[in-house]
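J.: Okay, handing you the structure first.
The values are calculated or read from the model by the stated rules, or taken from the named source; none is laboratory data. Predicted model only: the values in this text are computed from it and were never measured. Cβ sites come from the backbone with ideal geometry, for glycine too, and all protein chains shown count toward neighbours. When the accessible area is computed, the model is the full protein with side chains, heavy atoms only, and any ligands, DNA or RNA have been set aside. Shrake-Rupley method; radii C 1.70, N 1.55, O 1.52, S 1.80 Å.
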Amino acid sequence: MENFKRRMLNFISLGSGSSGNCYYLYTETEGLLIDAGVGIRTLKKHFREYGLSLARIQNVLITHDHADHVKSVGSLSRDYGLPIYATHRVHVGIEKNYCVRCKVSPDRLKLVEKDVTFHLGSFTITPFNVPHDSLDNVGYEVKCGDITFCLLTDVGEVTEEIKPFIREANYLVIEANHDIEMLSGGSYPRYLKDRILGKTGHLSNLECAEALAQNATAKLRHVWLCHLSEENNHPELAKKTVEQTLRSYGIVPGKDFQLEVLKRKSPTGVYELK
């Protein structure tokens, strides 16, 4: 029983959206943070609320170099001595990002390569390419025991390269950024609308739904919709769009797998990934 408890995998979303993105996977003995776009003080507060400590984090994975994903990465490397894993180009982007005032400590900079699997303790991690208008961007597949967790955020389009990772996932965090009609009819300038709608922009509710409908397998147990736009989406609309599309394919959320929407500025509860 004790050995089982140590390997039990838990998941918390600590923020998901343009205000800050941060996700935490942990067991009794190991902690893995994915993205660090939430302020250190806020992170400490959230961790305390869960009876956790930042000292439990052992490694940090970064998807890409935009500020809402890397705000606290330098402080985590310098103040907490944490290794920061990202592609070379993402590290270059972090170094150049003026929003990241505290840069990653050189001795804590760790490189990952797309499609090259590596191990951090009990975690087996595979970064893979995700199209976005950052300097570089990856999704992460994280395996722990017999559980496969996958995170896909800031996705311009779901490529053929991405689809196998959706098919392998037991637990999936995937972007549902905007409703196309809300964005098209909204107040954003034309250039910004074009950027978001482009193949290196963000995934719409419908595109997210189609990706799930076409690639979900019996392995999939839980899906969380992430990185919703505050201006061009609503949680209820995102969930409804995805649910309706899935049902048109004969997939029933709540029966075939659970479907939830992550909050933009507040943490979720603790999910036990079994």
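J.: What are the ³J(HN,Hα) values, in whole Hz, obtained from phi via the Karplus relation 6.51 cos²θ - 1.76 cosθ + 1.60 with θ = phi - 60°, for each residue of the stretch 60-71 in sequence order, with x given for Gly and Pro?
T.: Running phi through 6.51 cos²θ - 1.76 cosθ + 1.60 with θ = phi - 60° gives 10, 9, 10, 7, 7, 9, 6, 4, 6, 10, 9, 3 Hz.
J.: Stick to the Cα atoms of the stretch 207-274, pair each with every other, and give me the Kirkwood hydrodynamic radius in Å at one decimal.
T.: 12.8 Å is the Kirkwood radius here.
J.: OK, next. Give the Debye-formula value of log10 I(q)/I(0) at each listed q (0.13, 0.16 Å⁻¹), with one equal scatterer per alpha carbon of the chain, two decimals each.
T.: With no solvent term, the Cα-only Debye profile gives -0.82, -1.28.
J.: Here's something else I'd like to know. In nm, to one decimal, how far is the residue 122 label point from the residue 102 one, both placed 7 Å along Cα→Cβ?
T.: About 2.9 nm, to one decimal.
J.: Using a 1.4 Å probe on the protein heavy atoms, what percent of the accessible area of the stretch 9-113 belongs to carbon and sulfur?
T.: 46 percent
J.: Considering the options 132, 62, 83, tell which one lies farthest towards the positive end of the dipole of the chain, charges being +1 on Lys and Arg and -1 on Asp and Glu at the Cβ, about the Cα centre.
T.: The one lying farthest along the dipole's positive direction is 83.
J.: Follow-up question, since we're still on this one. For the stretch 44-102, which trypsin sites (Lys or Arg not before Pro) are both in a DSSP coil and crowded by at most 16 other Cβ atoms within 10 Å?
T.: Counting only loop positions with at most 16 other Cβ atoms within 10 Å, the trypsin sites (Lys or Arg not before Pro) in the stretch 44-102 are 101.
J.: Along the charge dipole of the chain, Cβ charges K/R +1 and D/E -1, which of 209, 34, 227 sits furthest on the positive end?
T.: Value: 34.
J.: Now, a different point. Subtract the Cα-Cα distance of residue 163 and residue 41 from 0.36 nm times their separation in residues, and report this length gain in nm to one decimal.
T.: Extra length from residue 163 to residue 41 when fully extended: 40.3 nm.
J.: Residues of the chain: accessible area per residue at 1.4 Å, in Å²?
T.: On a per-residue basis, 44 Å².
J.: With charges set only on the Cβ (+1 for Lys and Arg, -1 for Asp and Glu), what does the dipole of the stretch 1-109 come to about its Cα centre, in debye to the nearest 20?
T.: The calculation lands at about 220 debye.
J.: Further, regarding this structure: Might you report the magnitude of the Cβ-based charge dipole of the chain about its Cα centre, with Lys and Arg at +1 and Asp and Glu at -1, to the nearest 20 debye?
T.: 800 debye
J.: Mind checking the stretch 155-214 for trypsin sites (Lys or Arg not before Pro) that DSSP puts in a loop (not H, G, I, E or B) and that have at most 14 other Cβ atoms within 10 Å?
T.: In loop regions of the stretch 155-214 (DSSP not H, G, I, E or B), the sparsely surrounded trypsin sites (Lys or Arg not before Pro) are 199.
J.: Here is a follow-up. Just by accessible area at a 1.4 angstrom probe, what is the order of 230, 207 from largest to smallest?
T.: Sorted descending by solvent-accessible area, the residues read 230, 207.
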